[in-house]
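Take a look at the structure below.
The numbers here are math on the coordinates, done by the rules we state, and not lab data. A quick note: this is a predicted structure, and the numbers were derived from the prediction, not measured. All Cβ positions, even for glycine, are placed from backbone atoms using ideal geometry, and neighbour counts span all protein chains on display.
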């Protein structure tokens, strides 16, 4: 059963990576990101997409750790 779930997870992740690469290659036009009154330089949509996904993956990996530490510290009081 674990083999099938690992295979399905790998296929799903591979599909998302391929779709992200296709979208990144097809959208080579430059865009600038505006945030809190500031504006970034012109970067391709694909690069921006990759950065946003990387930040999401990092926050998704750190979030459960912070959640566990917070609940552990809350239980000690």
Taking segment 12-36 and keeping residues under 19 Å from the mean Cα position of the chain (by Cα) and loosely packed, with under 10 Cβ neighbours inside 10 Å leaves 35
Cβ pairs under 9 Å, 6+ apart or interchain, first in segment 9-25 and farther than 21 Å from residue 47 by Cβ, second surrounded by 10 or more Cβ atoms within 10 Å (Cβ to Cβ), ordered by first then second residue, are none
Members of segment 37-59 that are surrounded by 13 or more Cβ atoms within 10 Å (Cβ to Cβ) and under 16 Å from residue 21 (Cβ atoms)
44, 45, 46, 47, 48, 49, 50, 53
